[in-house]
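The values are calculated or read from the model by the stated rules, or taken from the named source; none is laboratory data. Because the structure is predicted, anything quoted here is derived from the model rather than measured. Here the Cβ is made from the backbone with ideal geometry for all residues, glycine too, and neighbour counts use every protein chain on show.
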Amino acid sequence: MGNNLLTEIKNKAAQRLKTIVLPESHDERALKAAAILTSQKIASVITLGNEEKILNDAKKLNIDLSGVKIIDPLKSELFDPFANTYFELRKKKGITLEQAKETLKRDLFFGAMMVRENIVDGSVAGSTASTADVMRAGIQCVGMADGISIVSSFFLMVFPEKTYTFTDCGVVPDPNAEQLADIAISAADNHKKLTGENPITAMLSFSTKGSAQHESVDKVIEATKIAKAKRPDLKIDGELQFDAAIVESVGKKKAPGSDVAGHANVLVFPDLNAGNIGYKIAQRLGGCEAVGPVIQGLKKPYFDLSRGCSAEDIVNTAAIAALMC
């Protein structure tokens, strides 16, 4: 079923044919992904670096880069305008124009500026760079989505009978109430973009509607209020225990009158301990396919990869980026 969902995402991406930059041309997996995305017409691809070296590398690896556009940041007419823009963005932090130029020589930052300036629709990187480096470039260059205070992540959790969105299982250790509300809003919007389903969002806790009292429960209650006030168009409710959120009979008993209890497809964990443990239990014991983590909260798709990713993982992430534009 996971493969069916990913096939559907790729097919939808192909209908849109967005442009995605894969900055890490020095990585064989990125080159393979560029070739697959292009040959299957899932996305138009740009990669960054010295054209001669990239083409030689591809030839040695027997990778056909026909149709993949290669931009050398150092020779590009975009370099100076990007450096000037980055300098303007960061000069209050004490950065000089020379330092801005040095930073823009790095593929991650040049790629992030391409996203910012609408040269491309999204970026997928991190097969060789650390998450911290990828996120730094994204936050500094792409910037935060309007009205959202935090960069977070989500997983699509694909079971045979249903697909859920779990958030945040990968980035924010202990969000405050406002941040938790923004994580919920981001995840609800992305669930709709990727699955086509209307999001029904449960704010999870070890308490349901006052069954327990604790400051960590108070945080979830406050986050629910904030999220509802910011986005009254979304179905969001909490605090709900996991079973009350997804099992209709339990939801009716524990939270009668809730239009979320028993029907949730977006599950918002109160902190990273709960989220990370929860998704791994579902994946390893529940046998579901976990697609992600997918970064959310930036103005445009600027996605991080695991350094252990495969070329196919890069293809899937690029397809998701194309749908989230």
query: Among strands (runs of 3 or more DSSP E) lying entirely in the stretch 85-191, which contain 2 or more residues that are within 27 Å of LEU285 (Cα to Cα) and not assigned by TED's automatic domain parsing to the domain that holds GLY49?
result: 152-158, 163-167
query: Is there a residue in the stretch 82-103 that is within 27 Å of the chain's Cα centre (by Cα), within 26 Å of ILE314 (Cα to Cα) and among the aliphatic types (A, V, I, L, M)?
result: no
message: Among the residues that make up the stretch 149-164, is at least one of them closer than 19 Å to SER205 by Cβ, in contact with a helix residue (DSSP H, G or I) (Cβ under 6 Å, 6 or more places away or on another chain) and among the polar types (S, T, N, Q)?
response: yes
- request: May I ask you to list pairs of residues, at least six apart or on different chains, whose Cβ atoms are under 7 Å apart, with the first in the stretch 88-114 being among the polar types (S, T, N, Q) and the second being surrounded by 22 or more Cβ atoms within 10 Å (Cβ to Cβ)?
  value: THR103/TYR86; THR103/PHE109
- request: Considering every residue within the stretch 71-84, establish whether at least one is outside the structural domain of ASP182 (by TED's automatic domain parsing), farther than 20 Å from LEU298 by Cβ and of a type in the set (S, T, N, Q).
  value: yes
- prompt: With (1) closer than 17 Å to SER123 by Cα; (2) in contact with a strand residue (DSSP E or B) (Cβ under 7 Å, 6 or more places away or on another chain) as the list, and LEU78 as the residue in question, which single condition is left unmet?
  reply: (2)
Index of the failed condition, MET114 passing every other in (1) more than 26 Å from LEU37 (Cα to Cα); (2) at pLDDT 95 or above: (1)
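Conditions (1) among the small types (Gly, Ala, Ser); (2) under 21 Å from VAL291 (Cα atoms), marked per residue:
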{"site": "PHE109", "(1), (2)": "no, no"}
{"site": "SER123", "(1), (2)": "yes, yes"}
{"site": "ALA137", "(1), (2)": "yes, no"}
{"site": "ILE148", "(1), (2)": "no, no"}
{"site": "PHE159", "(1), (2)": "no, yes"}
{"site": "ASP174", "(1), (2)": "no, no"}
{"site": "ALA181", "(1), (2)": "yes, no"}
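Could you pull out every one of the strands (runs of 3 or more DSSP E) wholly within the stretch 192-309 that has 1 or more residues that are within 19 Å of the chain's Cα centre (by Cα) and closer than 27 Å to VAL134 by Cα?
Where strands (runs of 3 or more DSSP E) fall fully within the stretch 192-309 and carry at least 1 residues being within 19 Å of the chain's Cα centre (by Cα) and closer than 27 Å to VAL134 by Cα, they are 266-268, 289-296, 302-304.
Restricting to the stretch 8-41, name every residue that is in a loop (DSSP other than H, G, I, E, B) and either within 19 Å of ASP304 (Cβ to Cβ) or modelled with pLDDT of 95 or more (or both).
Hits for the stretch 8-41 are LYS18, PRO23, GLU24, SER25, HIS26, ASP27, GLN40, LYS41.
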Boolean, LEU17 is surrounded by fewer than 18 Cβ atoms within 10 Å (Cβ to Cβ) and under 25 Å from THR163 (Cβ atoms): yes
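Residue-by-condition table, conditions (1) crowded, with 22+ Cβ neighbours inside 10 Å; (2) touching a residue at least 40 places away in the same chain (Cβ under 8 Å); (3) out of contact with any Pro (no Cβ under 8 Å at 6 or more places or on another chain):
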position	(1), (2), (3)
LEU6	no, yes, yes
ALA13	yes, yes, yes
GLU24	yes, yes, yes
LYS32	no, yes, yes
ILE36	no, yes, yes
ALA43	yes, yes, yes
THR47	yes, no, no
query: Restricted to the stretch 273-292, and to residues that are in contact with a helix residue (DSSP H, G or I) (Cβ under 9 Å, 6 or more places away or on another chain) and of a type outside the set (D, E, K, R), which residue is farthest from ASP168 (Cα to Cα)?
result: CYS288
query: What's the number of the condition SER149 fails, among (1) surrounded by 16 or more Cβ atoms within 10 Å (Cβ to Cβ); (2) closer than 21 Å to THR167 by Cα?
result: (1)
